[in-house]
Amino acid sequence: VLLEGPSGIKILPATSGALELIHVDSGIRNSLSSEFNSLHHQYDFLLIDTPAGLGFEVFDFLDIADQIMVVTTTEPTAIIDTYAMIKILHSKNRLSNIYLVFNWVNSENEAHEAFDKLTLIMQKFLHNNINFWSFIQYDTAVNKAVMEQVPFLISFPDGSAANSIRKLCDEYLIEQ
């Protein structure tokens, strides 16, 4: 079911509206994890975009990930949800490979201020930290691309969000 995407990437599409796939048993989850592990050896990168929240399906994918990129916004409710996820990952000793990305920010300063607030909460209650990785700048071109049903990196390659994504990828590749 892998589909050819732009620039030669392969995409495994998710489903929408299939209730039987929302709550799968542990056998199916283990089988899926095994399949993802086999794909892991065929590609340079395997990115899994999980749904927001703290469901089993999210942590099943996080358990097989080498690295975890938590993408959030600077909104207070999003910070609380991010902390809740980090708290669970902390209990699983997974904080060393978590990287935080703030999405839809107006400036780098806004991203760092939100990260500083989250860091204070983590230090107070978890006595631990995570890594600030990057941010994706707010860009109205993203909404336009969604309406056109074309990835914004293709339809608006020079937009601020596209530039943020390229910078994020460059930083990741340098770190590797």
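The values are calculated or read from the model by the stated rules, or taken from the named source; none is laboratory data. What you see is a predicted model, and the numbers here were worked out from it, not measured in a lab. Quick reminder, even Gly has a Cβ in these numbers, built from the backbone with ideal geometry, and neighbours come from all protein chains shown. Heads up: the accessible areas ignore ligands, DNA and RNA and are worked out on the full protein's heavy atoms, side chains in. Shrake-Rupley method; radii C 1.70, N 1.55, O 1.52, S 1.80 Å.
The criterion of being modelled with pLDDT of 75 or more and among the hydrophobic types (A, V, I, L, M, F, W, C) does not hold for residue 19.
Against the numbered list (1) open to solvent by 40 Å² or more (accessible area, probe 1.4 Å); (2) hydrophobic (A, V, I, L, M, F, W, C); (3) under 18 Å from the mean Cα position of the chain (by Cα); (4) on the phi < 0 side of the Ramachandran plot, residue 125 comes up short only at (3).
Yes or no: the range 132-147 includes at least one residue that is open to solvent by 80 Å² or more (accessible area, probe 1.4 Å), within 23 Å of residue 9 (Cα to Cα), modelled with pLDDT of 95 or more and of a type in the set (D, E, K, R). Taking every residue of the range 132-147 in turn, at least one turns out to be open to solvent by 80 Å² or more (accessible area, probe 1.4 Å), within 23 Å of residue 9 (Cα to Cα), modelled with pLDDT of 95 or more and of a type in the set (D, E, K, R).
Checked against (1) within 23 Å of residue 59 (Cα to Cα); (2) out of contact with any His (no Cβ under 9 Å at 6 or more places or on another chain); (3) crowded, with 18+ Cβ neighbours inside 10 Å, residue 102 passes all but a single condition, namely (2).
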